[in-house]
Structures are given as structure tokens and as C-alpha cells.
Amino acid sequence: MHATSTVHVAETEVPTPVPPASDRKTFSKAIADIREGLAARELWTHLGWQDIKQRYRRSVIGPFWITISQGVIALGLGLLYSQLFNTPIQVFLPYLSTGFIIWGFIQGCLSEGMETFIANEGMIKQLPAPLSVYVLRTVWRQILLLAHNLIVYVVLMVIFFSALDKPYSLGSKEGFPPGACAPGLFCHPGLSWNILLAIPGFILLALTAGWAALLLGIISTRFRDIPQVINSLIQLMFYGTPIVWPVDQLMTGGSRQKLDWILPVIKANPLYHYMQVTRAPLIGQAVGWTSWAIVGGLTIVGWALALVAMRNYRSRVSYWV
């Protein structure tokens, strides 16, 4: 009886279990990671602030060294380049300082964003937190640094407000006061309520910083040579973007108007438009709709690419670090 029962069991067809469909590579998982990261606000804001405090630990004036350093650099280079470019210091110094402040934020988000997962290797392996927490930590740290540097901007506005609250020019013309909007010069409208446009401009910049840190962080974690390449490109982009030199000199009325053929090349640089939507409102300059359109488009496309990277490689980052 026992042998007969064994044969019966062996001949019975056992259905092969179908493995459940993997949901690791789905956009819903990627979006959920970002949503959970945003919800962990207390964690990444605390970590970002601790990064700043740790950097200036036991310092007497602490994070305000950031402000002093920014002010000294802006003042020194402002005095030098205003003479080299024959530009009135009262309008050029705010232009240069705001350029440095915005560029510092961009550079910090790119260079530290590439290292965001590598630098948090220990936490990624031990703390079950969304990956986006580390990206938000990096961007938040750069926002804190930007806030300290904005003190320099406020001081300059107090000093040079009278030169910027009316139409002005970054050029000079004989017979007119320095910085005055003279016939034949390229003029800016001056400070107005348009200064509030800097807020949506900065929001777009911060959103771009988020996807750039996320995307470059994943790529750099997998390919460790990428940060070296991008750091070299950042240096090149700094000199190719009108941060230190005024682009006005290439426009009608500028001292280098004959070189205006290079303007399309300059405007093909995406960082030029990011500088425009954030810096121009702060110093009373007009922002073209083209810059808004390009920045908005890049923000959407960038986040789409970042979500694709999160969908495909989010689960591998912890193995790559």
C-alpha cells in the first residue's frame, strides 16, 4: 500500500510557482523615494545645518566666515575688474558680487552633488532612508551657504541703492556721470518691484540643483572618473559665463560691440540663462522670456532624466558606494 501511494504523488503535476513581477524598477518607486525624502524634512535640514556647523567648529564667528570671504573676494575683484573693463564701480560691484553668489550656489550643487552618495556611504549602508534625503541634504547645505552670502548683497544694495534705483549702464561715456544711462550705451531699467522675479528664478535654480545632484550623483557613484571630468567643465563654464565680465560690452553701445557675433555662443550656454533669471532681477536688469523658457524647459527635462536614472539604478547605489 505504501509503494502505490508514492507513485501516485510523483505522477501528480505540481504547478510551477510564477515569480512575482519585480517592482524595484518602476517610476512609482522612484517617485515614492523622492516623496519620502521630502517628508523626512527634519532629517535633511538637521544634517545640512550640522555640516555647516561642523565646518566652522570652534571658530569665533562661525559660518559668518562665509560672508566675510565672499565680501573680500567681491571687493578685491570688483575694484580690479572695474578698472580693466572701464566700468563704474558703483554698478559693477553689485553685478560682480551677485554673480559670485549665484555661481557659488551652482558650483557647490554640482561639485558636491556629484559626491552626494559617495560622501554618505556610511549612512546609506546603515540607515534605511530614501536616497533623495542625501540629495536634499546637499542642496539645503548650499542654500544655507547662499543665505550667508546674501548678506554681502544686502550691504551692497544699501551702499549703492542710489546708483541702481534708476536706469543705469555698465558702460561709461564722456560728459556723463559714471553709470548714467547715456545715449548710445546699453541701459538697464534699474531696481523696481521686478526684484521679486528673483524668487521664482531661484526656485527654478534650486529645482535644477536637485535633479542635477541626483542624476550626477548616481552617475558619479558608478563611474568614479566622472567627477574629475565635470570639475574641469565647471572651471571652463565659469570663464565662459558672464559672471566676472559684463556681457553688456558685446551689445549695442558696448566697448566690444564688434565682437557681438559671439553672443549666440554665450546664450547657448544654459548657465547664462540661470544667471539671468536669478541675478538680473536682483540688480535691476531685465530678463528676456527666452531665459525663462530655457530654464523652465531644462528643469522639466532634467527631472525626467533624473527619474529615469532613479527608476533604473536606485537599488544599485548602495552597492556602488
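The values are calculated or read from the model by the stated rules, or taken from the named source; none is laboratory data. On a predicted model such as this, the values are computed, not experimentally measured, just so you know. For neighbour counting, all protein chains shown are included, and Cβ atoms are generated from backbone atoms with ideal geometry for every residue, glycine included. Just the protein is used for accessible areas: all its heavy atoms, side chains included, with ligands, DNA and RNA removed. Shrake-Rupley method; radii C 1.70, N 1.55, O 1.52, S 1.80 Å.
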- Message: Among the residues of the range 160-175, are any free of Cβ contacts under 8 Å to residues at least 12 places away in the same chain, farther than 29 Å from Ile203 by Cβ, not β-branched (Val, Ile, Thr) and not in a helix (DSSP H, G or I)?
- Response: yes
- Subset of the range 163-174 (residues that are open to solvent by less than 80 Å² (accessible area, probe 1.4 Å) and out of contact with any helix residue (DSSP H, G or I) (no Cβ under 8 Å at 6 or more places or on another chain)): Asp165, Pro167, Ser172
- Message: Would you confirm whether or not the range 177-187 contains a residue that is modelled with pLDDT of 90 or more and open to solvent by less than 30 Å² (accessible area, probe 1.4 Å)?
- Response: no
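In the range 277-294, what residues are crowded, with 18+ Cβ neighbours inside 10 Å, of a type outside the set (Val, Ile, Thr) and closer than 17 Å to Leu164 by Cβ?
Of everything in the range 277-294, those that are crowded, with 18+ Cβ neighbours inside 10 Å, of a type outside the set (Val, Ile, Thr) and closer than 17 Å to Leu164 by Cβ turn out to be Arg279, Ala280, Pro281, Leu282, Gly284, Gln285.
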